[in-house]
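The structure appears right after this line, and notes come after that.
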Amino acid sequence: MYRTLLIFLFCLLPAALLHSQEPGITVSADKQKIVLGETFQLNLKAVYPSGSGIKTGFDSIAHFEFSAEPKKDSSVANQLVTLNIVYTLTSFDSGHWVIPALVLNNKWHSDSIPIDVQFSDFDTSQPYHSIKDILEVSVEKKTDWYWYLIGGAVLLAIVIVYLRRRKKRNDPVVVKEGLDPYKEAILELKKLNTENLEPKLYYSKLVLVLRIYLKRKKNIQSLQKTTADLLIKIKELSLSREELDKLGQALRMADMVKFAKYIPEVTDRETSFNAISSVIGSIESASVSSIPQ
């Protein structure tokens, strides 16, 4: 008798659970902190009356991209539709962003979800190094002759230092001026524009030209700064809002190419090159106009 009663109650359990389902909408994320280019899942569950013609979901989300087709699953029970959607998202825009709440039938709404998009950790105290081409190294047999070469080089260096010091006592000191920061930047940009480099190396050198110019011209410690910190310092200079926006897009494009393996179009290269060239020219013009006549 007890066994029959347990079987009867067990059969009633699914019906009771379905009956307890109420209309509403919930949205949740499996991560709330990601690094640039990392994917995460956004889960949406909506319950609404059957035949109501309600449509819900995300067509687009600011600062985020869909990295895969959404996975949808729906069922109908007790005149209620249960809809489950799983989105796979990523972001290449660093910052603190909020996935907005969804409203269902003007009655029920989900919670908004904050997501932090960060750069991967690295030691900012170390100097910035550009990416270099691969060099082939030939292995030679070990010999003892190089000790004689080292000794001769040291002796030659001592003689050269002695002769230079002796000459300086009688000759006036001639100071050679280094290349102007702006001229150096323009020459490097022209050289870069003629080189057929793969995207990662191209964008690394392009951004490095800007960083070196800012260091030499404005004494901004740009080589150790992240893209976000560098943009904050550049905002203190006399640049238009349009130039700042285009520069921000160019720097973020460089991060996408270097860290997320994004393959840019030819027009992307030209846009990034023109944005950085324009900023360097504007900073130089503002510096020249500020010099008292």
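Every read-out reported here was derived from the displayed coordinates using simple, explicitly stated rules and does not represent laboratory data. Please read these numbers as outputs of a predicted model, since none were measured by experiment. As a convention, Cβ positions derive from the backbone with ideal geometry for all residues, glycine included, and neighbour counts pool all protein chains shown.
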In order over region 200-215: 3J(HN,Hα) from phi, Karplus 6.51/-1.76/1.60, θ = phi - 60°, whole Hz, x for each Gly or Pro, gives 5, 5, 4, 5, 4, 5, 4, 5, 5, 4, 5, 4, 5, 4, 5, 5
Sorted by chain and number, the residues with a modelled amide H under 5 Å from that of ILE113, at a separation of 5 or more or across chains, are ILE99
Expected vector for region 91-104, Karplus 3J(HN,Hα) from phi with 6.51, -1.76, 1.60 and θ = phi - 60°, integer Hz, x for Gly and Pro, equals 8, 10, 10, 5, x, 9, 10, 10, 7, x, 6, 9, 10, 10
When the charge dipole of region 181-287 is computed with +1 at the Cβ of Lys and Arg and -1 at the Cβ of Asp and Glu, the Cα pointing farthest to the positive end, of SER278, LEU192, GLN221, is that of GLN221
Under Stokes-Einstein, region 41-107 at 10 °C and 1.306 mPa s, with its Kirkwood radius over C-alpha pairs, diffuses with a coefficient in µm²/s of 118 µm²/s
HN-Hα couplings for region 23-29 via Karplus (6.51, -1.76, 1.60; θ = phi - 60°), in whole Hz with x for Gly/Pro, come out as x, x, 8, 9, 9, 9, 10
Given Cβ charges of +1 for Lys and Arg and -1 for Asp and Glu, the option among THR82, GLY57, TRP97 whose Cα lies farthest towards the positive end of the dipole of region 22-118 is THR82
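Please compute the contact order of region 181-287 in relative form: average sequence separation of alpha-carbon pairs under 8 Å and at least six residues apart, divided by the residue count, as a percent. Intermediate values should be presented prior to the final figure.
On the way: 82 pairs, mean separation 35.1, N = 107.
Worked out over region 181-287, it gives 33 percent.
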